[in-house]
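The values are calculated or read from the model by the stated rules, or taken from the named source; none is laboratory data. Fair warning: this is a prediction, and the values are worked out from it, not measured in the lab. Note that each Cβ is placed from the backbone with ideal geometry, even for glycine, and that neighbours are counted across all protein chains shown. Calculation scope for accessible area: heavy atoms of the full protein, side chains included, ligands and nucleic acids excluded. Shrake-Rupley method; radii C 1.70, N 1.55, O 1.52, S 1.80 Å.
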Amino acid sequence: MIYFFTFILTSSFFAGSQADDLKKSVQAIQSSHKEAKDSQKKINQWDDETKKLLTQYRSALNKTENLKIYNEQLSAYISSQKEEILEIRKKIEEVKDTGKEIVPLMLRMLDSLSQFIDLDVPFLLVERKKRIQELKEVLNRSDVSVSEKYRQLISAYKLEQDYGKTMQSYREIREIDGKELTVDYLRLGRLALIYKSLDGHYIGYWDKANREWKKLSKTYRKPLAKAIKMAKKQIPPDLVKLPVPAPSSTSEKKL
């Protein structure tokens, strides 16, 4: 009986020992699985981070390439701008030189215009000479551009030119026989300048050949009054007889 019991104890001992080994093996396998799972998790994390970094790298590389292209275009643009700046500076210098030449020219043009008015038929003298004086003041001003000075001067020239193409009537005061009288003037271009007092008692015309005022026959009083109304657009245009100088003679010609 003793030996049998001992065998049983020995068998139980070996059975317990195997169970412990099996348990340890299972634990080892479980531990190994856990480590493998953790490792796989880390590998997956590293893979995700690698993909993310790769995406960022490619994006940075693309931005770098775009920035390189932009810088090349910007360099070309800056180079073009520098050339334009040099060209503009050159033109500014040319304008300065032109300004140095055009200012004396404008002064000569203004003097010529002033002399022309002095020698012209004496109509609207106050207005025309005032315009000349204003132009002189403009040309002497530093706050007015050269182009604006030139524009005003050319405008005055054009206005004087237009006087030769128009018919006009205006009213002024003039001295006649020592008396100041209000008269109506009639200007036919630059061909004739005639006046009539309001009562029609005094009638005269400008003698271009002798550069003086002369009296005119009162027979022209009605035709002159009619022509004045025509010039003021009070009546429609019509034929009238008025004295004008002949094209190649100092004598008068009736039309």
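Annotations for the structure displayed:
- The alpha-carbon of LYS41 sits under 21 angstrom from the alpha-carbons of these lysines, leaving out residues fewer than 8 places away in its chain: LYS51, LYS52.
- Summarising the overall dimensions of segment 142-255 from its C-alpha atoms, the Rg and Dmax are 17.0, 55 angstrom.
- Length gained when the stretch GLN115-LYS100 is fully extended (0.36 nm per residue, less Cα-Cα span): 3.0 nm
- Cβ-based charge dipole, segment 127-210, positive-most Cα from ILE194, MET167, TYR205: MET167
- Cross-link partners of LYS100 among lysines, defined as those whose alpha carbon lies under 29 angstrom from its own and excluding same-chain residues fewer than eight positions apart: LYS82, LYS90, LYS91, LYS129, LYS130, LYS136, LYS149, LYS158.
- Counting only protein heavy atoms and a 1.4 Å probe, segment 150-189 has 58 square angstrom of accessible area per residue.
- Estimated at 0.36 nm per residue, the fully extended path between LYS68 and THR166 surpasses their Cα-Cα distance by 28.3 nm.
- Length, then width, then depth: along the principal axes, the Cα atoms of segment 31-141 run 125, 27, 19 Å.
- Highest mean packing comes first when the peptides 202-213, 142-153 are listed by Cβ atoms within 10 Å, giving 202-213, 142-153.
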